[in-house]
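Could you have a look at this structure, given as structure tokens, before my questions?
The values are calculated or read from the model by the stated rules, or taken from the named source; none is laboratory data. What you see is a predicted model, and the numbers here were worked out from it, not measured in a lab. Cβ coordinates were reconstructed from backbone atoms using ideal geometry, including for glycine residues, and neighbour counts include every protein chain displayed. Accessible surface areas use protein heavy atoms only, side chains included; no ligands, DNA or RNA. Shrake-Rupley method; radii C 1.70, N 1.55, O 1.52, S 1.80 Å.
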Amino acid sequence: MSGTIEVRGLSRTFHTTVRRPGFTGALRSLVDPQRVAKHAVSDVTFDVAAGELLALLGPNGAGKSTTIKMLTGILTPTSGEARVAGVVPYRERERNARNIGAVFGQRTQLWWDLPVRESFAILKDIYGVPSAEHAVRLKEFDKLLDLSSFWDTRVRHLSLGQRVRCDLAAALLHDPPVVFLDEPTIGMDVVVKEQVREFLRHQVEERGRTVLLTTHDMTEVERLAERVVLINHGRLVLDGSLDEIRREFGSTWQVRATLADPYAEVVPLPGMAVLRREGARVVFGPDGDGAPAVHQALKAVIERYEVNDIALDEADLEDVMRAAYAQAGEA
Ligand SMILES: Nc1ncnc2c1ncn2[C@@H]1O[C@H](COP(=O)(O)OP(=O)(O)OP(=O)(O)O)[C@@H](O)[C@H]1O
Ligand SMILES: [Mg+2]
């Protein structure tokens, strides 16, 4: 299975008309509508390699869903280009649909009035999945997502968490190499969330699928993503590993070491400061722009000193992202 996502200078502007206030305003708006342009996505460029899970992050209204809609072929970009598994999604929507699975947590793709299992059967026919294969996949998804206890229920009667699990299975029934997940764990309880994360990890690691995920849940990002793309006001502000993001925005880590020699001379390592020292116990922290990520700091301390014990505290990813969003908001 192969599939990569290439996004080049992708932009989407929405034009909306705004109503002027008051009665005369409303009349004027009728004859002379006031048009405003909303740059939902502006000049966004990134890649997702085959078999990689990338988290697309950003505050509400950043442009995440709009980006995913262009990559699934639902929306056409105003400018720029995208390719998904070699296909330009908005030009060849049907061909693209065979290569991708998509879950929009906010909205179901299933048939509201049908029992889930019938929705699955319709999808099987649409994609021409052989019956034996379909049965094997359903069984696998049931094992991983526990669907059979409610898959004879009409979609409209499912709880949110149950419905999104069904949407996940539905998106993968035709075995697509590329998967788009827009807030797939919305409304799920902690147990189910963990189950879904396990499922997604399995889909990437065992099945080699390429996944683009959006979420507001930072625990999910930590568990699943190695790389993150951060957008704000439609613009890409950051593309990097979690370590790089921590280094840039999370300057609050500490490495606490107990040295074998309480009298050892401690000289600050590059990009690190000695925050405290009490005999054998030394606390290191980041110093300035060149500070290493916490795991590199840990490695540097172990390599430089003989230590009996070492521990680290790192900034919570929520704090790191808050700092990143705040800085991106000012830009
Ligand atoms: N069809 C549309 N017409 C006009 N404006 C739109 C349309 N779709 C989205 N927008 C605007 O584009 C911006 C980006 O919206 P988008 O849904 O992509 O954000 P998001 O990053 O997915 O946010 P959230 O985290 O809340 O889901 C928002 O300001 C939104 O109001
Ligand atoms: Mg969204």
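Accessible area per residue of the range 160-230 at 1.4 Å probe, in Å²?
Details: 2200 Å² over 71 residues.
So the range 160-230 comes to 31 Å² accessible per residue, rounded to a whole number.
Return the whole-Å distance between the Cα centroid of the range 286-301 and the Cα centroid of the range 104-176.
Answer, in whole Å: 46.
Using 1/(1 + (r/R0)^6) with R0 = 45 angstrom and r between the beta carbons of V18 and L275, what's the FRET efficiency to the nearest 0.05? Present the calculation step by step, with values, prior to reporting the outcome.
Working: r = 53 Å, r/R0 = 1.17.
Using R0 = 45 Å, I get an efficiency of 0.30.
Under 8 Å for C-alpha pairs, at least 6 residues apart: give me the relative contact order for the range 78-187, rounded to a whole percent. All intermediate terms of the calculation are to be shown ahead of the outcome.
Values: 131 pairs, mean separation 46.4, N = 110.
Once divided by the residue count of the range 78-187, the mean separation gives 42 percent.
Assign unit charges at the C-beta atoms only (+1 for Lys and Arg, -1 for Asp and Glu), then state the dipole size of the range 108-177 relative to its Cα centre in Debye, rounded to the nearest 20.
Working: 9 positive and 10 negative charges, 32 e Å.
With Lys and Arg at +1 and Asp and Glu at -1, about 160 debye.
Using the structure shown, select from K64/K139; K143/K193; K64/K124; K69/K143 the pairs with a Cα to Cα distance greater than 23 angstrom.
Details: K64/K139 32 Å; K143/K193 15 Å; K64/K124 29 Å; K69/K143 30 Å.
Check vs 23 Å cut-off fails for K64/K139; K64/K124; K69/K143.
Here's a follow-up. How much mean residue ellipticity at 222 nm does the chain get from its helices, if each DSSP H run of length 4 or more adds -39500 (n - 2.57) and you divide by all residues, to the nearest 500 deg cm²/dmol?
Values: 11 runs with 120 residues, N = 331.
Dividing the helical sum by the residues of the chain leaves -11000 deg cm²/dmol.
Rounded to the nearest 10 degrees, what's the angle between the helix 294-304 long axis and the longest principal axis of the chain, both from Cα atoms, 0 to 90?
It is inclined by approximately 30 degrees.
Could you give each residue of the range 24-35 its phi-based ³J(HN,Hα) in whole Hz, using Karplus coefficients 6.51, -1.76, 1.60 with θ = phi - 60°, and x for Gly or Pro?
Residue by residue, the range 24-35 yields 5, x, 4, 5, 4, 5, 5, 7, 9, x, 8, 9 Hz.
Could you size up the charge dipole of the range 1-117 around its Cα centre, putting +1 on the beta carbon of Lys and Arg and -1 on that of Asp and Glu, and report it in debye to the nearest 20?
On the way: 16 positive and 9 negative charges, 93 e Å.
Once rounded to the nearest 20, the dipole reads 440 debye.
Right, something else. At R0 = 56 Å, how high is the FRET efficiency between D146 and A264 if r is their beta carbon distance? Nearest 0.05 is fine. Please report the intermediate quantities before stating the final value.
Values: r = 55 Å, r/R0 = 0.98.
Rounded to the nearest 0.05, the efficiency is 0.55.
Ignoring any ligand, DNA or RNA, what whole percent of the accessible area of the range 155-303 comes from carbon and sulfur when the probe is 1.4 angstrom? Intermediate results must be reported in sequence, preceding the final value.
Numbers: 3090 of 6480 Å².
Result for the range 155-303: 48 percent of the exposed heavy-atom area is carbon or sulfur.
With the chain treated as a Gaussian network of Cα nodes joined by springs under 10 Å, which of A62, A260, A293 yields the largest mean-square fluctuation?
Ranking A62, A260, A293 by mean-square fluctuation puts A260 first.
Find which of A55, V36, G290 sits farthest along the positive direction of the dipole of the chain, computed with +1 on the beta-carbon of Lys and Arg, -1 on that of Asp and Glu, about the Cα centre.
V36
Right, here's the next one. Over the range 1-156, what relative contact order in percent results from Cα pairs under 8 Å that are six or more residues apart?
22 percent
Which residue, A315, G279, Y325, has the largest displacement toward the positive end of the dipole of the range 273-331 when charges sit on each Cβ (Lys, Arg +1; Asp, Glu -1)?
G279
Please get the size of the charge dipole for the chain, origin at its Cα centre, with Cβ charges of +1 on Lys and Arg and -1 on Asp and Glu, quoted in debye to the nearest 20. Don't skip to the answer; put the middle values down first.
Details: 41 positive and 47 negative charges, 339 e Å.
Magnitude of the dipole: close to 1620 debye.
At 1.4 Å probe size, with every protein chain present, just tell me what the per residue accessible area of the range 1-130 comes to in Å². Write down the numbers at each step before the final one.
On the way: 6910 Å² over 130 residues.
Solvent-accessible surface per residue comes out at 53 Å².
Ok, one more. Pairs of Cα atoms under 8 Å, at least six residues apart: use those to get the relative contact order of the chain, whole percent. The partial results should precede the final answer.
On the way: 625 pairs, mean separation 62.4, N = 331.
Result for the chain is 19 percent.
What do you get for the angle between helix 116-127 and the principal long axis of the chain? Use alpha-carbon atoms, 0 to 90 degrees, nearest ten.
Tilt of helix 116-127: around 80 degrees.
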